[in-house]
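So the structure is just underneath, and the comments pick up after that.
The values are calculated or read from the model by the stated rules, or taken from the named source; none is laboratory data. Quick caveat, the model's predicted, so the values are computed rather than measured. Here the Cβ is made from the backbone with ideal geometry for all residues, glycine too, and neighbour counts use every protein chain on show. For accessibility, only protein heavy atoms count, side chains too; no ligands or nucleic acids. Shrake-Rupley method; radii C 1.70, N 1.55, O 1.52, S 1.80 Å.
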Amino acid sequence: MNIRKKIGLQFLVSNGATVANFALSVILARLLTPTDIGIFSMSAILITFAHVFRDFGVFSYIVKEKEVTQQTIRTALGVLLVTSWTVAAILFFTSDVWSVFFKTPEVGDVVKVLAIGFVFIPFGSIPYALLTRNLEVKRTSKVMAISVVTYFITTIALAYTGHGHMTMAWANLVNIIVTGAAYHWYSTTPIPWLPSLKGWKKITHFGTGTIVTSTVAALDAALPDVMLGKMSTPAAVGYFSKAASAVSLPYTVLKSTIDYFALPYLSKLHHANEDMAAAIQQASSYISVVIIPAMVWMMVMDREIILFLFGPQWVASIDVIPWLCLTGAAGILFRLVTPALTSIGKPYAAAVPSLLVLLIKVVLAIMLFDGTLVSFGIAMAVGQIVGIPLYVMVNKVYFGLGVRQWLRGNVPIVLISLITGTFSYLLKTYVHPNFPIFFSLLFNGVMFVAAWYACIMLMKPPIEAELRRFQDSAVALIFKKDAAG
């Protein structure tokens, strides 16, 4: 019950942040041009990739360890300072190379500012890892609130005053400094300021395994921006990026909660010799049964979503959304594979299937791209779907999660997604084809949620018990208030 309360708090706070960040995205879509956003996206992918080497698995190491001493913290800080400052220097002094690579001079300016942030990140990373390890949700929630407010205000101020493609870069730097200071303020563990490299081999050994998988994941995330940036235009990158941001909304709702709890929770189960296969299957079902049907709904309402959220200047983003939804749905089925492998000390094991999927996507993108975003989206979706058997095999080998057990857990999710998606499509086609965009989204969305809830109650996937518990608690609370009144 204590874990449920913490998950509930993290869910509420992280989604408050999601709403704020999404509102910021909508505002920026009107203050900045597709080219501005495309330039930042191309620059940001380099930073995403660099973060893999900057962190070097230190965060995961602190979270998954059974015991953490002051010497462990000092060594972790020492390793983090070496890796972060090295990456910062490389990025800063090679910024012009990336301008040439993308044939866009503005990319270099953005990379320089983002590189400076790497100098300050280590000082906030250590206290954040310790707070996460101890599941100090209240404290990390306060820092998240500070971070969101800082980034929101700074970004709008910079965009409004005409900073264009540099807007998010400067706002990111300000936010890193403020957030790092806040994590130190709310830390419950004494953080030594003097770093050390004593025992660094143990951390770097684990980090080397982590970095392999993380590098592949970073390459996969960066693939659309890199390939479109080379094969097409910054505007195409901007359109694809905006479509991807819309599609990621269902996952974004749960992402912070998943990221916060997955590794520490699975690590504790591993240390307690619990049944990892059952835990992974159940937790994965909770995630998939929410996100995958939502993505199917987005396939149905793609045009309305883009026009309502971003306006007509982003209409070119619409056609690629169904393919991005397929890509996301196939990937979400195995969202817990990497943290689960990290929790048992084998973070490198997910690298092989991930790398194969990445290579398939690259080959398909080269073969299928005809200048349209749809052709590129098809390549991404097919590549992700082809990789499903590879991840199923990893689950079987490392956790004993067999194919039949995996299918039993996921077939109901597919059925729920198909039923609710078909229901939404029929409503859109025959009931409200001429509704204004807002009312079309509202009506269809409400009916979709009702259909989803009915399917959950009938098919009884694992989340059904949690929904009934929440429903019973809500009813009891209402009757209690009525009695007190």
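Taking Thr75 as the residue in question, decide whether it is open to solvent by less than 10 Å² (accessible area, probe 1.4 Å), polar (S, T, N, Q), in contact with a Pro (Cβ under 9 Å, 6 or more places away or on another chain) and on the phi < 0 side of the Ramachandran plot.
Numbers: open to solvent by less than 10 Å² (accessible area, probe 1.4 Å): yes; polar (S, T, N, Q): yes; in contact with a Pro (Cβ under 9 Å, 6 or more places away or on another chain): yes; on the phi < 0 side of the Ramachandran plot: yes.
Criteria met by Thr75.
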Subject >> Matching residues in region 163-184 - criterion: being assigned to a helix (DSSP H, G or I) and without any contact (Cβ under 8 Å) to a residue 40 or more places away in the chain >> reply: Ala171, Val174, Asn175, Val178
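Given the criteria closer than 17 Å to Ser196 by Cα and of a type outside the set (Val, Ile, Thr), does Ala89 qualify?
Details: closer than 17 Å to Ser196 by Cα: no; of a type outside the set (Val, Ile, Thr): yes.
Judged against the criteria, Ala89 is not a match.
Give the residue, chosen from Thr215, Thr233, Thr140, Thr210, that is among the polar types (S, T, N, Q), in contact (Cβ under 8 Å) with a residue 12 or more places away in the chain and more than 29 Å from Ser284 (Cβ to Cβ). Talk me through it step by step, then tell me what you get.
Working: Thr215 fails: more than 29 Å from Ser284 (Cβ to Cβ); Thr140 fails: more than 29 Å from Ser284 (Cβ to Cβ); Thr210 fails: more than 29 Å from Ser284 (Cβ to Cβ).
Just one listed residue meets the conditions, Thr233.
On the given criteria, is Ala20 over 30 Å from Trp314 (Cβ atoms), open to solvent by 20 Å² or more (accessible area, probe 1.4 Å), of a type in the set (Gly, Ala, Ser) and out of contact with any Ser or Thr (no Cβ under 9 Å at 6 or more places or on another chain)?
No, not satisfied.
Filter region 268-316 down to the residues that are part of a helix (DSSP H, G or I), open to solvent by 40 Å² or more (accessible area, probe 1.4 Å) and free of Cβ contacts under 8 Å to residues at least 24 places away in the same chain and list them by number.
As a first pass, look at region 268-316 and keep what is part of a helix (DSSP H, G or I): 268-271, 276-300, 302-310, 312-316.
Going one step further and asking which of them are open to solvent by 40 Å² or more (accessible area, probe 1.4 Å), we end up with 268, 270-271, 278, 282, 286, 290, 297, 299, 303, 307-308, 312-313, 315-316.
The answer is Lys268, Ala278, Arg303, Pro312, Val315.
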**OP:** Taking Ile7 as meeting all but one of (1) in contact (Cβ under 8 Å) with a residue 40 or more places away in the chain; (2) buried (at least 21 other Cβ atoms within 10 Å of the Cβ), write down the number of the exception.
**Re:** (2)
**OP:** Mind listing whichever residues of region 433-447 are open to solvent by 50 Å² or more (accessible area, probe 1.4 Å), closer than 21 Å to Val315 by Cα and either of a type in the set (Asp, Glu) or part of a helix (DSSP H, G or I) (or both)?
**Re:** Ile437, Phe438, Phe439, Leu442
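Just checking, which of Thr342, Thr327 is closer than 24 Å to Glu136 by Cα, among the polar types (S, T, N, Q) and under 21 Å from the mean Cα position of the chain (by Cα)? Spell out the reasoning first.
Values: Thr327 fails: closer than 24 Å to Glu136 by Cα.
Being closer than 24 Å to Glu136 by Cα, among the polar types (S, T, N, Q) and under 21 Å from the mean Cα position of the chain (by Cα) holds for just one of Thr342, Thr327, which is Thr342.
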Original post:
Does region 86-96 include one or more residues that are assigned to a helix (DSSP H, G or I), open to solvent by 10 Å² or more (accessible area, probe 1.4 Å) and either aromatic (Phe, Trp, Tyr) or modelled with pLDDT under 80 (or both)?
Top reply: yes
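Pull up region 383-412, narrow it to residues that are of a type in the set (Val, Ile, Thr) and over 21 Å from the mean Cα position of the chain (by Cα), then point me to the one that is most open to solvent (accessible area, probe 1.4 Å). Before you say what the answer is, go through the steps one by one.
Taking region 383-412 as the starting set, the residues that turn out to be of a type in the set (Val, Ile, Thr) are 385-386, 388, 392, 394, 397, 403, 411.
Now restrict to residues that are over 21 Å from the mean Cα position of the chain (by Cα): 386, 392, 394, 397, 403, 411.
Details: Val386: 76, Val392: 16, Val394: 14, Val397: 102, Val403: 73, Val411: 74 Å².
Filtering first and then ranking leaves Val397.
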**OP:** Within region 192-214, count every residue that is buried (at least 17 other Cβ atoms within 10 Å of the Cβ) and under 29 Å from Val137 (Cα atoms).
**Re:** 11
Original post:
Here are some conditions: (1) surrounded by fewer than 19 Cβ atoms within 10 Å (Cβ to Cβ); (2) within 21 Å of Phe310 (Cα to Cα). Tyr239 meets all but one. Which one does it not meet?
Top reply: (1)
**OP:** Give region 27-47 a look and list any residue that's of a type outside the set (D, E, K, R), over 18 Å from Asp96 (Cα atoms) and open to solvent by 30 Å² or more (accessible area, probe 1.4 Å), or say none.
**Re:** Ile27, Leu31, Thr33, Thr35
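Looking only at region 150-162, count how many residues are surrounded by fewer than 18 Cβ atoms within 10 Å (Cβ to Cβ) and free of Cβ contacts under 8 Å to residues at least 24 places away in the same chain.
At the first step, the residues of region 150-162 found to be surrounded by fewer than 18 Cβ atoms within 10 Å (Cβ to Cβ) are 153, 156-157, 160-162.
From what is left, the residues that are free of Cβ contacts under 8 Å to residues at least 24 places away in the same chain are 153, 157, 161-162.
Qualifying residue count for the region: 4.
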